[in-house]
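Working notes for the structure below.
The values are calculated or read from the model by the stated rules, or taken from the named source; none is laboratory data. All values reported here derive from a predicted model rather than from experimental measurement. We place every Cβ from the backbone using ideal geometry, glycine too, and count neighbours over all the protein chains shown.
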Amino acid sequence: MKTIWVSGASTGIGNAITKEALSSGYRVIATSRSAENLAKLKAEAGDGRLVTAVCDVSRIESIRGFFKDTLNGEAPSILINCAGVTTFKEAALTSFEEIDSIISTNLLGAVYTIQTVLPGMIARNSGTIVNINSVAALDRLKASSIYSASKAGLLQYSRVVREEVRANNIKVIDILPGATETPIWHEKVRAKYAEKMMKPDDLARHIIKFISGESNLVQEEVVFRPVTGNL
């Protein structure tokens, strides 16, 4: 049975991916900074193949502890990076504390998790890494400068890593969704645009389908948008 590590699993796209992976027969190790949200996920899933653990991907010490204590120092079959935060503020109004939080979680957090599992995947000569990126890595979205920088940085990092590990039978996939109805948005925005936004469950079904194939085919960068476009 293949094991998937899903970071940022307690809410949003990560939550939907966790549930879809379980329904598809995977063993899932779900991490989040919130023990309360993980407990709720565990209760909702009601599946013995789900393991939950608190892990703050923005802190390398937290990842190292999780890798040693929960993963027993072994790389999972699949890593899916879903942890992400943002503020919808213009650059001049974004505080240094907010900048640090966004970059540390969205960019460094994903880099830390990948760097942690990559040696094991290389030694095993197999593995799949999926980054839940964003169309913000490609588009010019106002009030998202730091978020866009974090996602663009992750996209370029992924592109280089992908070239480095092709010979090791490791797939590196970037999913770039547009507006999706998740808690990253303010509740007033979700209420106003809910009908236009994509649904996490729909994305999760596509993503699990991508990683379930056993062929040498890989969809490396996949953009999803609402039919009506960006908000």
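Could you say whether any residue in region 169-180 is among the charged types (D, E, K, R) and loosely packed, with under 15 Cβ neighbours inside 10 Å? No.
Here R140 clears all of (1) buried (at least 18 other Cβ atoms within 10 Å of the Cβ); (2) in contact with a Ser or Thr (Cβ under 9 Å, 6 or more places away or on another chain) except the condition numbered (1).
Might you let me know whether region 24-41 holds any residue that is more than 26 Å from L203 (Cα to Cα) and not in a strand (DSSP E or B)?
no
The residue that is farthest from the chain's Cα centre (by Cα), counting only those in region 29-49 that are under 17 Å from D69 (Cβ atoms) and either at pLDDT below 95 or surrounded by 19 or more Cβ atoms within 10 Å (Cβ to Cβ) (or both), is L38.
Across region 73-100, what is the number of residues that are of a type in the set (S, T, N, Q) and more than 24 Å from M121 (Cα to Cα)? Count: 4. For beta carbons closer than 8 Å, sequence separation of 6+ or different chains, a first residue in region 208-220 that is closer than 23 Å to A16 by Cβ and a second that is acidic (D, E), the qualifying pairs are I208/E20; E220/D174. Can you find a residue that is more than 27 Å from R225 (Cβ to Cβ) and surrounded by 17 or more Cβ atoms within 10 Å (Cβ to Cβ) anywhere in region 92-102? No, that holds for no residue. Taking (1) in contact with a strand residue (DSSP E or B) (Cβ under 9 Å, 6 or more places away or on another chain); (2) touching a residue at least 24 places away in the same chain (Cβ under 8 Å); (3) buried (at least 17 other Cβ atoms within 10 Å of the Cβ); (4) assigned to a helix (DSSP H, G or I) in turn, Y112 satisfies each apart from (1).
Restricting to region 1-25, name every residue that is free of Cβ contacts under 8 Å to residues at least 40 places away in the same chain, hydroxyl-bearing (S, T, Y) and surrounded by fewer than 22 Cβ atoms within 10 Å (Cβ to Cβ).
Passing the criteria: only S23.
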